[in-house]
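In what follows, a structure is listed as structure tokens, so that the remarks can point back to it.
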Amino acid sequence: MISQVFILSSKGDHLIYKDFRGGAGNDIVSIFYEKVTALTGDQPPVVMNHKDIYFVHIRQGGLYWVATTTAGSSPFTITEFLNRLAALVKDYCGSLSEKSVQMNFALIYELLDEIVDYGYIQTTSSDVLKNFIQTEAVTSRPFSLFDLSNVGLFGAETQQSKVAPSSAATRPIQSSREQGGKSEIFVDVIERMTVVIGSNGLLMKADVEGEIRVKCYMPSCSEMRIGLNEEFSIGKSQLRGYGAAVRVDECSFHQAVRLDEFDSHRILRLCPSQGEQTVMQYQLSDDLPSALPFRLFPTIERDNGGRLLMYMKLRCDLPPKSLSQELSSPDQSAELKPQSRAVVWKIARFAGGTQLSALFKLEVPSLSSASMLEVGPVGLSFELPKITATGLQIRFLRLSPIQPGPSQRWVRYVTHSDSYTIRI
Amino acid sequence: MPYLGGEETVRELRRALSNPNVQSDPLRYRNTILKVIRTMSQGVDVSGLFSEMVKACATVDVVQKKLVYVFLCSYATLNPELSLLVINTLRKDCQDPNPMVRSLALRNMTNLRLPSLVEYVEQPLTAGLRDRAACVRRVAVLGWAKLHNLHPSSEIDAAVVNELYSLLRDPDPVVMVNCLRALEEILKEEGGIAINKPITHHLLNRLKECDIWGQSEVLRVLQRYRPQSEDELFDILSLLDSFLVSPHPPVMAATLSLFLSISSNLPVISLAALERVSGPLLAACGSGSREMRFAAVCHIQLLLRSVPGLLGPHYKRFFCGYAEPAYIKERKMQVLVELVNDENVAMILDELKGYCTDVNTDTAQAAISAIGRIGRSYSDRCLQILTGLLGLKQDHITSAVVQTMRDLVWVCPQCSDTVCLALDGCEETLQDIQGRQALLWLLGVYGERISTAPYTLEVLIDRVRSEASLGIKMELLTATMRLFLCRPAETQDMLGRLLHYCIEEETDMCVRDQALLYYRLLHCGIEKTREVLQGRRSDPSLGVLIGRPAKPVSQWARCFNTLEPLSQGAVEAESDSRGSPEHVTYNSKPNADLSDTLSCSHIEEVHSGSDSAMRCSDSSTNVLASSIAAPLSLSLSPAVSPEDFEHLWLQRQALHTERGAEKIEEGIKVILNQQPKDDDALRQFLTILITVLNTLSSEKD
């Protein structure tokens, strides 16, 4: 049961406040903000209480999404609800930021009114909600030449129009209905890698958490079929043939997915509802089919002047692109962050099969041989477009019945680093 | 964020709202209302616009209606009379052909929260229960619950309750779940909705139709059901099996709760369920939302209490991510400690070692103490790492290492040789109070094996005048006394100086009293002193890590899937069996978590038989001492001032001299006030208290 829901900006401005059960003091929001800002670094802020009011909050889009509740509530339910609420707001407003929430507050009140009644969650399905939500989203998209460049000469398809602009998926789902405009569907395969490489260069841990996300802007879509790699297998024992089997350890599907063709042909069938939903989640531990994307060869030493020399050689082991050859070294920058005692080396883009090296010289007062032990680990954060670590691919994407009018289907792959640590 | 120009804004808005030109243009009217709501959510009091907004309510524009309702529901309680005007519009809307308008009107009618309106609301609500559209029924059902809570004393018509029961069979799953919720609230005094066999089976059969929120709600309510036969129980369990491995954490957690509650007297089944649920829980630990990760890790800690080896093969999932927040890292390390076994110990220690140099000092200290806890089972490897860390000469690391070593030595006395060797020279790096206290304790207890101990103490004694911390002074006194017992020649002189300073110049009563006590103790002869001061050096019974007995599931089943495991300190108390008895200082952090869980005012009556009044007073001093130094307060009846204490002490002495001759039966009565209740903390506290008292009276017989 949820007593109140409110959304605060990171500076503590009240953006949305809705009291479902009544009886809460007016200062409840400020109490929360005081509590959350008074926390010291290591305290878990997820659950806080003031007398017998419990605050559960999440942070998304730089905002605090808070629900107040009683001690006996399920943390899983409340957290999931807040996550879902944030996702819905994102679907309806296009993006998640202080500005978009501020501009669409009427829409969000309307959403909240339909989602929760008297503190009980009624529904969060966008299929149901779309019948009730009347307010239209307000977006602030600055005029951009990029939009124009998508229009080919005399309506001809340009090269660019075959690639969805990155902002394509950040628009409100409702506008498709009124504008009758683009009916699009995005299928994203998103993987997050967690890797630990020991100081001896051996792989200590490699986990991949992946999901297939469907973002649908179709006003009506009866059924969609997503074909995965045919050699896709689940679990350790199921090894098919010798080929490069795509294997995951565990796999779970959204309730709405029908799996009757999954066993034989690896096809997922579902009727996507408007907005974003996670169709399938999977995970793989320790046994990656391909080589790790990055390897680091560090050399750390002390020079005579008591300076710390860090020589880093970073190699990208992804297959090189056939055509693009980057001759000059890409944009790079490096910065010393004294607060977190870290050197940040930023590389704007990095072609497969190449390597980069850097030498950092640091003046460290009273550098001793013992303090060399303190150096490390190296954490990499990156985004690999068009690559999945597990090798999962989408063979085809079919919609039935065939959509009237122009419709576009996009399949995107991306691998993020959740935590990619290399010990020194 | 109250605006400076709040009143100005309200005036402007009122002018706009009552402007006929605005009113005639729907778009402008709506935009003005939007402005009002925006001002309201920014925290400005716009209740003055109530009558204007009531007028705006009568419109065909649904969006405008919704906006006005948001306003009205927020301010209705301030304007009960004006709200009566709205009721008519609302009642008219309840007859609207559009079900959406009907449900909207009905919902807001009940959201006004005005007891005076109840009579107008009942009739539409009754009609709403029989509405054709499911969305109206959903609202009407919950409306009765709202109505009931407005007038908790008044009886809701039995006919309505019956109707609600019958609506459990409504084709719409949300209506069904809402009925459950409403009946739970209306029948709260009778213990909620009656869960009998037909209702249970009906709900279970329809579980698949509900969405995840409905499922978790139904599963929660069903926890009260007790199956009548074993067959029925197994039927239910096999029906629910697929929900146990649901990819949605709320459903999974609710199902496990239900499993644990209905099979509470079949431990085998509970354990099997725990094993089955570990997969989805692990998946939740890798969820993209860090709050969800945290909730999952906290619940895994609960599971591990009963099945310690449950996730052993998956220990790598609990390696901390580079960018994870410190609070998740800390919990993950606690889990890692629980998962240690012969195969993975090398990997886990290697990983933990990596965290010891973390930039965040709390993470670093948590990693060090985790290594110390593993050291109870694998002392050699851990001591090697800990000793290596001392070489870094970082003050927060050294402090954590010394404290960890103290705790380790207390549990595993066989480590003492290595520890004694390692301590050399670390007094220079130590800065904080806890670290130095730990060092002093080690120097006192193992003084005979640390060659430099007297010199270290001498430096501190020379600086005692500038020492601010009470705890350090007391610890210094004890350590010097202990060292004197084993190395009198080197220590005698400095002990004299210290006692002299503490008795003659020290202003703090506690320090002075302790010094006086030791002084008198020395008068009683060296043997007596030895008896009092050299108690136990270790307590191996606090136990090794591996092979601990598993706790029964019932101990934590009640708080599974509640906010309790996520709150601070809940697990802290469990994991903190550190702290040597002389150090009732449980916790190294100044903002102790424990003091929240365990704030006890403790009234002690010692009926101690005869011979040494001295000993008895020793115990009280110790107790009092720790009350000031330590976050965990163990105080003699709340807030005893030194004078009071002396008074009390004298009384007791008198008591003893009176009873001196006869041997009275011994007995100690301890009264603890604890709030909130925490059995674990209480038990630990009592163990430690008993150890303290045993130590002090061990030489008695």
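General remarks:
- Residue-normalised accessible area of segment B:379-512, given per residue in Å² at a 1.4 Å probe: 38 Å²
- The Rg/Rh ratio of segment B:266-307, with Rg taken over Cα atoms and Rh as the Kirkwood radius over Cα pairs, comes to 1.04.
- A 1.4 Å probe, protein heavy atoms only, puts the accessible area of residue A:53 near 50 Å².
- Taking a ≥ b ≥ c as the square roots of the eigenvalues of the alpha-carbon gyration tensor, segment B:24-87 is classed oblate because a/c is 1.5 or more while a/b is no larger than b/c.
- Chains A and B together, accessible area buried on both sides, 1.4 angstrom probe, square angstrom: 6900 Å²
- Given a 1.4 Å probe and the protein chains as shown, residue B:165 ends up with an accessible area of around 60 Å².
- Coarse-grained scattering of segment B:431-564 at q = 0.12, 0.14, 0.17, 0.23 Å⁻¹, given as base-10 log I(q)/I(0) from a Debye sum over alpha-carbon atoms: -0.55, -0.67, -0.87, -1.53
- Each peptide among B:49-61, B:220-232 gets the average number of other Cβ atoms lying within 10 Å of its residues, and from highest to lowest they stand as B:49-61, B:220-232.
- Rg/Rh (Cα only; Kirkwood hydrodynamic radius) as it applies to segment B:348-413: 0.92
- Other residues whose C-beta falls under 11 angstrom from the C-beta of residue B:57 contribute a net charge of +1, scoring Lys and Arg +1 and Asp and Glu -1.
- Overall form of segment B:268-396 per C-alpha gyration tensor (a/c, 1.5; a/b vs b/c): oblate
- Peptide-level mean, for A:46-55, of C-beta atoms on other protein chains within 10 Å: 4
- Net charge contributed by nearby residues that have their C-beta within less than 12 Å of residue B:252 (K/R +1, D/E -1): -1
- Which listed pairs, of A:11/B:65; A:51/A:130; A:11/A:205; A:11/B:393; B:332/B:551; B:35/B:55, have C-alpha distances above 27 Å, in listed order: A:11/B:65; A:51/A:130; A:11/A:205; A:11/B:393
- In Å², nearest 10: area of residue B:157 left accessible to a 1.4 Å probe: 90 Å²
- Quarter of Cα convex hull surface for segment B:408-448, i.e. mean projection, nm²: 2.9 nm²
- Residues in segment B:94-116 reached by a label modelled at residue B:132 [backbone nitrogen below 19 Å; 7 Å Cα→Cβ]: B:94-106
- Counting, for every residue in B:211-224, the Cβ atoms of other protein chains within 10 Å of its Cβ and taking the mean gives 3.
- Net charge, residue A:211 excluded, C-beta distance under 13 Å - Lys, Arg +1, Asp, Glu -1: -2
- Order by protection proxy (mean Cβ within 10 Å, highest first), peptides B:406-414, B:341-349: B:406-414, B:341-349
- Per-atom-type breakdown for segment A:359-405 gives carbon and sulfur 59% of the accessible area (1.4 Å probe, protein chains only).
- For the set A:215/B:208; B:92/B:197; B:92/B:208, the pairs lying more than 31 angstrom apart at their alpha carbons are B:92/B:197; B:92/B:208.
- Legend: translational diffusion of segment B:258-337 by Stokes-Einstein, Rh = Kirkwood radius over C-alpha pairs, 25 °C, 0.890 mPa s; D = 187 µm²/s.
- Accessible carbon and sulfur surface of segment A:267-324 relative to its total accessible area, %, 1.4 Å: 48 percent
- Taking all protein chains together, B:524, A:216 sort by accessible area into B:524, A:216, largest first [probe 1.4 Å].
- Gap separating the Cα centres of segment B:170-245 and segment B:413-485, nearest whole Å: 62 Å
- Pair-distance profile P(r), taking every C-alpha pair of segment A:338-420, with 5 angstrom steps and integer %: 3, 8, 13, 16, 12, 11, 10, 8, 6, 4, 4, 3, 2, 1, 0
- Unit charges at the beta carbon, dipole of segment B:218-340: most positive-side option, B:219, B:253, B:334: B:334
- Against the rule of thumb 2.2 N^0.38 Å, how large the Cα Rg of segment B:179-273 comes out: 1.04
- P(r), alpha carbons of segment B:43-165 - 5 Å bins starting at zero, rounded %: 2, 11, 23, 23, 20, 12, 6, 2, 0
The values are calculated or read from the model by the stated rules, or taken from the named source; none is laboratory data. Given the structure is predicted, the values throughout are model-derived calculations rather than measurements. Positions of Cβ are backbone-derived with ideal geometry, glycine not excepted, and every protein chain shown enters the neighbour counts. The accessibility values were calculated without ligands, DNA or RNA, using every heavy atom of the protein model including side chains. Shrake-Rupley method; radii C 1.70, N 1.55, O 1.52, S 1.80 Å.
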